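The values are calculated or read from the model by the stated rules, or taken from the named source; none is laboratory data. As the structure is a computational prediction, the values presented were derived from the model and not from experiment. For neighbour counting, all protein chains shown are included, and Cβ atoms are generated from backbone atoms with ideal geometry for every residue, glycine included.
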């Protein structure tokens, strides 16, 4: 095997890039290691141009269970199938980072595949970005890299940042920031953030720390590429046909007024393009495509110029102005557990809340998590009619998964702990009308749905999409609440979500080669102002979560039993649990390893089941009072069931405050009697007394003291002196 390795110290640990002939047919390949996590990344470019109107880049992120030393969990399927959501999200991170550094006029296929070879304590997504950069950078594929990635973490109360924190550090209860930053040469190209209400000042400091680490990774990559990189293949865009600019010059008179018409711009731009293409009457599909590209470039140039020089937007808004807002909590249907509707201009999202018991949680089995139970889910749908088009309905695409995950991340910070609110929470956001950032509208609509449904969230969350028109570090314009054309023709999509106290999620994508930190800092503070405006609208509609859950939502009763009694509650083969479910009609009983039990059902069924479990597992103490039926009579006393399977002995001397002749003259099987726990003996048996709690019991029964009875008259151990009993077999193996 041919092999050449390069190493660098990043975050106090060794980053290694190995170049071998393992995948020698690829245009470029590398194995990147950090700790015990390793990933192979390959890059290949096709030989022929594709007949399409966009750059055909695909990125795949392949997770194999062997990387975690495991076999896939299904009994019937042992081979990996469709990518897990974690793999899709990691692939999107790589794609969004490397795409802006290609010439979008290219039409040759480029495919990047990251295959996780082993996974330990470090997330392979950072290595996927670095590996893609090295595979592309050392290949002949035209690309303007390298680009680097680093993860920054922070604990609550700490003034220092963690560099590439491990899974354990990121998932610890005191972790408050998980920031993934990609960038190059002092600029940022991609950001993913999950946070617990972190302030803008903390976020700026984290960005600054990330930039230092990115510089080190960049220096390492440049050294590698300079030493072993191949000569890049030249790419020269097709020269513009002279008839197209000439035709546009004749058409240009009403161009600006049509675009800046005071509407959203999308329809007017599309209609204008159709008129232009019809006017110049091009003969071949290639020329039509060239004219389409030329028109798009002219629209972008005009929008850029007016935003930077005149602070003017296509719909007439100010640069920091939000479109009209509307919020509605509930009212869709009493069948739903909660619902919310949120409008921001022409972006309209409906979110529905469904509550379930712990048994409804999603089991996630991936190479990163082994059968993790996920109790909060946010799913996102984007039907074709939302943008006035026809198209395929059903199924998922990567965009839908990515948007759903972003909103889920934004809301996770305010979800109540399981101990406070043990429900499984599922939100579904339907983007019914789209003209800019339905993901952030989903955050708002979902907040409304949870508050309508009575979920005790810690605070309302709102999100906003910021944009930038960028020419140079000195010539730029930051746009609040970007809509379709500004997203399409602009240079940045910067989504920020959070509460009034801080940020919970960020996602950044750019179309240029990078955005300076200074601009991001400005956009961050402008986004906070917009977020507060949206939160005002939400809280005016519903200030706090409703006091009661929907009557159609399941009820959950929570209780705790000693760990050593879990097996008794479950019973052999789940026999006891099944019996409780049949008797009470509950829909689910979930038992955790720490003894926590969650009983889910409707009406009073959960409380009935919980009471059965309480009685089964009650640990009795001296002095506690109980009531129950007499189950057996013996010559030395009576057994009384005081709950569940627990029976105690009322010795004959504890029935009355005076001596009685026989037990059966005072009690019979089936009698309900009130007793007090006199003691728990050293063998764990429960000794009860009637006379201590009800001295008049025997008198009401018409009993009188017996005369002339010897202290021990063959009555199974009757003893006046201590009220004890001989060590006899009581039969039945009862707990008493």
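Side notes on the structure shown:
Every residue, every condition in (1) closer than 24 Å to residue 162 by Cβ; (2) surrounded by 20 or more Cβ atoms within 10 Å (Cβ to Cβ), yes or no:
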{"position": "8", "(1), (2)": "yes, no"}
{"position": "17", "(1), (2)": "yes, yes"}
{"position": "23", "(1), (2)": "no, no"}
{"position": "28", "(1), (2)": "no, yes"}
{"position": "39", "(1), (2)": "yes, yes"}
{"position": "48", "(1), (2)": "no, no"}
{"position": "53", "(1), (2)": "no, no"}
{"position": "65", "(1), (2)": "no, no"}
{"position": "71", "(1), (2)": "no, no"}
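- You will find that of 146, 165, the residue that is in contact with a strand residue (DSSP E or B) (Cβ under 9 Å, 6 or more places away or on another chain), buried (at least 22 other Cβ atoms within 10 Å of the Cβ), free of Cβ contacts under 8 Å to residues at least 24 places away in the same chain and part of a loop (DSSP other than H, G, I, E, B) is 165 and no other.
- Of the residues making up segment 347-362, one or more are loosely packed, with under 15 Cβ neighbours inside 10 Å, more than 26 Å from residue 498 (Cα to Cα) and either within 16 Å of the chain's Cα centre (by Cα) or touching a residue at least 40 places away in the same chain (Cβ under 8 Å) (or both).
- Tally of residues being without any contact (Cβ under 8 Å) to a residue 40 or more places away in the chain and either touching a helix residue (DSSP H, G or I) at 6+ places or on another chain (Cβ under 8 Å) or under 15 Å from residue 492 (Cβ atoms) (or both) across segment 304-323: 0
- So residue 107, is it surrounded by fewer than 16 Cβ atoms within 10 Å (Cβ to Cβ), modelled with pLDDT under 95 and assigned by TED's automatic domain parsing to the domain that holds residue 10: no
- Only one of 256, 267, 252, 216 that is over 30 Å from residue 434 (Cβ atoms) and not assigned by TED's automatic domain parsing to the domain that holds residue 107: 252
- Members of segment 633-655 that are in contact with a helix residue (DSSP H, G or I) (Cβ under 7 Å, 6 or more places away or on another chain), at negative phi and buried (at least 22 other Cβ atoms within 10 Å of the Cβ): 638, 652, 655
- Hits in segment 290-318 (condition: touching a strand residue (DSSP E or B) at 6+ places or on another chain (Cβ under 9 Å), over 13 Å from residue 475 (Cβ atoms) and not in a helix (DSSP H, G or I)): 313, 317, 318
- Residue 130 passes every criterion in (1) buried (at least 20 other Cβ atoms within 10 Å of the Cβ); (2) outside any loop (DSSP other than H, G, I, E, B); (3) more than 27 Å from the chain's Cα centre (by Cα) apart from (3).
- Residue list for segment 479-500, filter: assigned to a loop (DSSP other than H, G, I, E, B) and within 14 Å of residue 464 (Cβ to Cβ): 481, 482, 483, 499, 500
- Residue 186 being closer than 30 Å to residue 230 by Cβ and either without any contact (Cβ under 8 Å) to a residue 12 or more places away in the chain or in contact with a helix residue (DSSP H, G or I) (Cβ under 8 Å, 6 or more places away or on another chain) (or both): yes
- The residues of segment 380-401 that are surrounded by fewer than 20 Cβ atoms within 10 Å (Cβ to Cβ), within 30 Å of residue 418 (Cβ to Cβ) and touching a helix residue (DSSP H, G or I) at 6+ places or on another chain (Cβ under 6 Å) amount to a single one, 401.
- Matching residues in segment 359-369 - criterion: being outside any strand (DSSP E or B) and either in the same structural domain as residue 600 (by TED's automatic domain parsing) or touching a strand residue (DSSP E or B) at 6+ places or on another chain (Cβ under 9 Å) (or both): 359, 360, 361, 365, 366, 367
- Matching residues, segment 43-98, being in a helix (DSSP H, G or I) and over 19 Å from residue 400 (Cα atoms): 65, 66, 67, 68, 98
So that you can scan it fast, the table gives a plain yes or no per residue for (1) in the same structural domain as residue 467 (by TED's automatic domain parsing); (2) over 14 Å from the mean Cα position of the chain (by Cα); (3) more than 22 Å from residue 506 (Cβ to Cβ):
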| position | (1), (2), (3) |
| --- | --- |
| 409 | yes, no, no |
| 420 | yes, yes, yes |
| 423 | yes, yes, yes |
| 430 | yes, yes, yes |
| 433 | yes, yes, yes |
| 438 | yes, yes, no |
| 441 | yes, yes, no |
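- Counting only residues that are touching a strand residue (DSSP E or B) at 6+ places or on another chain (Cβ under 6 Å) and under 17 Å from residue 466 (Cβ atoms), segment 204-235 holds 0 of them.
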